[in-house]
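Just so you know, all these numbers are worked out from the coordinates, no wet-lab data involved. This is a predicted model, so every value here is computed, not measured. Because the Cβ atoms are built from the backbone with ideal geometry, glycine has one as well, and the counts that use them run over all protein chains shown.
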Amino acid sequence: MSIKTEKSRQLFQRAVQVIPGGVNSPVRAFASVGREPVFIKSARDQYLYDEDNNPYIDYIGSWGPMILGHNEERVTEAVKKQMEHGFSYGAATRLEVQMAELMVELVPSLEMVRMVNSGTEAVMSAIRVARGFTGKNKIIKFEGCYHGHGDALLVKAGSGAMTTGVPDSSGVPFGCVADTLTAKYNDLSSAEACFENHKGEIACVLVEPVAANMGVVLPKEGFLQGLRKLCDKNNALLIFDEVITGFRLQIDGASGYFGVKPDLSTYGKIIGGGMPVGAYGGRKDVMSLVAPVGNVYQAGTLSGNPVAMRAGITQLEILKKEPQIYEKINALGQSFRQGVQKILEKYSLSCQVTGIGSLSCIFFTKKEVTDYESAKTANTNEFAAYFSHMLAKGNYFAPSQFEAIFLSAAHTMENIQKTLGDMQEHFENCM
Ligand code: HOZ
């Protein structure tokens, strides 16, 4: 079964000549599912349209930002309005103040916020601040968590690093990762051992509160609380990477959902409404170390870009004023997972469905997935066959076993039913 993607094919042939792998981020290549990428021409609400005019129900949502769906009217209007006033000033603006005030209002653990341009930049900066604050160098990250492509963090990294086979990227000097310790997700004792083995040396623990870059792996009861205690005991800072979970699980993100207060948090995606953006923030005493007040230097020409701020503020204001959006997307997520579960049981498949709220994942393994090792037991060939079928039927999922399925406020129960029907057809064909 196939769809006509001739124009995408032609574009890909041109792209590989001038762009590494033909894509500007590895996760966009369809290499891990043995295909060539489709090239997207436009988007509206919950749909994407490729260059050959094939429509797809979009279950990626630009990897998270499009929580309201594509081209939400109010966000689009806000961007248009801002563009009449200029795209970038490289100077302080009212919008940046509004954005920081809004984030501080919505997330209790945030007392101060600094805007940057991506999640990668946010995490790199947060680590620098943690090191500056504690005067210590080592950091703990968890296997399979992905925190962008900063040198120090490409150690057992999730996301594209898992499917391209470069969890430990070449080009990263040993010195850059010498202070990165890795622990097992959901295994407090492995984090404890790092503290034991490196007494007085650890600046921070960095974690995705819900791991959403090795598929979707939920924190076990007490894991995040345990990390909080470990950090307190060892005078280290706890950093939540909320680039995916921030303003998605609920308005105050994973820290609110799990009731654990990090010292610092990092953001991206939703806070830009689809424009390139990132942010880090947290305790005032820690953030006060950032230049020009303190001596931790961090800067950016386009940081707090007015168009991005306008889009992000508008999206966050909508989420704040319309809590029913969370009810809707979380209920859709639950219906999706229940529907998948029924199919898995009906055909006795060696698969499982995981997720929380509007984030889901189907793992092609029977082994319960709680960490990097168990995630890697997934059968990626089976995933690839499933992916191809679903794409041909007009369902646009991430072309990787190790990414999340994202739902937006634009999705409907009809979309979910259609997708479940296509899924059922695939598994029936496999019998
Ligand atoms: N966190 C996203 C993938 N898991 C980032 C998207 C990208 O790397 O392009």
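What's the long-distance tail for segment 182-297, i.e. % of Cα pairs beyond 18 Å? Before the final figure, lay out each step's value.
Numbers: 3573 of 6670 pairs.
Distances greater than 18 Å cover 54 percent of the Cα pairs.
From the C-alpha coordinates alone, can you work out the Kirkwood hydrodynamic radius of segment 329-422, in Å?
Over segment 329-422, the inverse of the mean reciprocal pair distance is 13.5 Å.
Classify segment 56-117 as rounded, prolate or oblate, taking a ≥ b ≥ c as the square roots of the eigenvalues of its Cα gyration tensor: rounded when a/c is under 1.5, otherwise prolate if a/b is larger than b/c and oblate if not. Mind showing how you got there, number by number?
On the way: a/c = 2.22, a/b = 1.23, b/c = 1.79.
Judged from the Cα gyration tensor, segment 56-117 comes out oblate (a/c at least 1.5, b/c at or above a/b).
Between GLN417 and VAL104, with labels modelled 7 Å along Cα→Cβ, what's the label distance in nm to one decimal, could you check?
4.8 nm
Nearest 20 debye, what's the magnitude of the dipole of the chain about its Cα centre given +1 on Lys and Arg Cβ and -1 on Asp and Glu Cβ?
On the way: 42 positive and 45 negative charges, 55 e Å.
Here the size comes out at about 260 debye.
Can you give me the three principal axis dimensions of the chain from its C-alpha atoms, in Å, biggest first?
Sorted largest first, the three principal extents are 59, 54, 46 Å.
Between TYR347 and LYS284, what is the spin-label point distance in nm, taking each point 7 Å from the Cα along the Cα→C-beta axis?
It is 5.7 nm.
Among SER25, ALA384, GLY90, which residue has its Cα positioned farthest towards the positive end of the charge dipole of the chain, with +1 placed on the Cβ of Lys and Arg, -1 on the Cβ of Asp and Glu, and the dipole taken about the Cα centre?
GLY90
Taking amide H positions as placed in the peptide plane 1.01 Å from N, state which residues far from ALA409 in sequence (5 or more) or on other chains have amide H under 5 Å from it.
The list, which skips near neighbours in sequence, is LEU68, GLY69.
Test of understanding: ordering CYS145, CYS176, CYS231 by Cβ neighbours within 10 Å, fewest first, what list do you get?
Details: CYS145 26, CYS176 15, CYS231 21.
Sorted ascending by nearby Cβ count, the order is CYS176, CYS231, CYS145.
Hey, what number do you get for the chain at 222 nm if only DSSP H runs of n ≥ 4 count, each worth -39500 (n - 2.57), divided across all residues, to the nearest 500? Working shown, then result.
Numbers: 15 runs with 166 residues, N = 431.
Value at 222 nm, helices only, nearest 500: -11500 deg cm²/dmol.
Using 0.36 nm per residue of separation minus the Cα-Cα distance, give me the extension gain between GLU221 and LYS81 in nm, one decimal.
Working: separation 140, 0.36 × 140 = 50.40 nm, distance 4.55 nm.
Difference between extended and current length: 45.9 nm.
Size of segment 300-343 along its principal axes in angstrom, Cα-based, largest extent first?
50, 24, 11 Å, listed from the longest principal axis down.
Given springs between every Cα pair under 10 Å in a Gaussian network model of the chain, which of SER189, SER42, SER25 has the largest fluctuation?
Comparing SER189, SER42, SER25 in the GNM, the peak value goes to SER25.
Using the Cα centre of segment 288-351 as the reference point, and only Cβ charges (+1 on K/R, -1 on D/E), how large is the resulting charge dipole? Debye, rounded to the nearest 20.
Dipole about the Cα centre, nearest 20: 160 debye.
Exposure proxy check: ARG128, ARG44 ranked by fewest other beta carbons within 10 Å? Don't jump to the answer; show the numbers that get you there.
Numbers: ARG128 19, ARG44 14.
Listed from fewest to most nearby Cβ atoms, that is ARG44, ARG128.
If only Cα atoms are counted, what is the Rg of segment 64-183, and what is its Dmax, in Å?
Reported Rg and Dmax, both Å: 18.2, 49.
Taking 8 Å as the Cα distance limit and 6 or more residues as the minimum spacing, I'd like the relative contact order of segment 136-250 as a percentage. Please list the in-between numbers first.
On the way: 185 pairs, mean separation 33.7, N = 115.
Contact order relative to length: 29 percent.
Please compute, for the alpha-carbon atoms of segment 240-399, the extent along each of the three principal axes and give them in descending order in Å.
Largest to smallest, the principal-axis extents are 60, 34, 31 Å.
Relative contact order (percent) for the chain, with alpha-carbon contacts under 8 angstrom and 6 or more residues of separation?
Numbers: 867 pairs, mean separation 95.3, N = 431.
Worked out over the chain, it gives 22 percent.
Hey, which aspartates and glutamates would be in cross-link range of LYS261, C-alpha to C-alpha under 16 Å, not counting anything within fewer than 8 residues on its own chain?
The qualifying aspartates and glutamates are GLU105, GLU111, GLU208, GLU221, ASP232, ASP241, GLU242, ASP252, ASP285.
Only bridges whose two residues both fall in the chain count here: according to DSSP, what percent of them are antiparallel, nearest 5? Present the calculation step by step, with values, prior to reporting the outcome.
On the way: 26 of 44 bridges.
Restricted to the chain, the bridges split so that about 60 percent are antiparallel.
Most mobile of GLY222, GLY175, GLY339 per a Gaussian network model of the chain (Cα springs, under 10 Å)?
The residue that fluctuates most here is GLY175.
In what order do CYS430, CYS361 fall by count of nearby beta-carbon atoms within 10 Å, going from fewest to most? Let's see the in-between values first.
Working: CYS430 12, CYS361 25.
Final ranking by Cβ density, sparse to dense: CYS430, CYS361.
Tell me, in nm to one decimal, what length is gained between SER169 and ALA291 on full extension, where the rule is 0.36 nm per residue of separation less the Cα-Cα distance? Don't skip to the answer; put the middle values down first.
Numbers: separation 122, 0.36 × 122 = 43.92 nm, distance 3.04 nm.
Net length gain for the segment: 40.9 nm.
Kirkwood hydrodynamic radius, segment 143-210, all distinct C-alpha pairs: what's the number in Å?
Details: mean 1/r = 0.0789 Å⁻¹.
Answer for segment 143-210: a Kirkwood hydrodynamic radius of 12.7 Å.
Give the whole-number value, in cubic angstrom per residue, of the convex hull volume spanned by the C-alpha atoms of segment 1-129.
On the way: hull volume 24.5 nm³, N = 129.
Per-residue hull volume (Cα only) is 190 Å³.
Mean-square fluctuation check for the chain, GNM, Cα pairs under 10 Å: which of GLY300, GLY215, GLY61 is largest?
Looking only at GLY300, GLY215, GLY61, the largest GNM fluctuation is found for GLY300.
Filter the cross-link list LYS229/LYS342; LYS138/LYS284; LYS229/LYS269; LYS136/LYS367; LYS81/LYS321; LYS80/LYS156 down to pairs whose alpha-carbon distance in this structure exceeds 31 Å. Let's see the in-between values first.
Values: LYS229/LYS342 39 Å; LYS138/LYS284 22 Å; LYS229/LYS269 29 Å; LYS136/LYS367 38 Å; LYS81/LYS321 21 Å; LYS80/LYS156 41 Å.
Violating the 31 Å limit, Cα to Cα: LYS229/LYS342; LYS136/LYS367; LYS80/LYS156.
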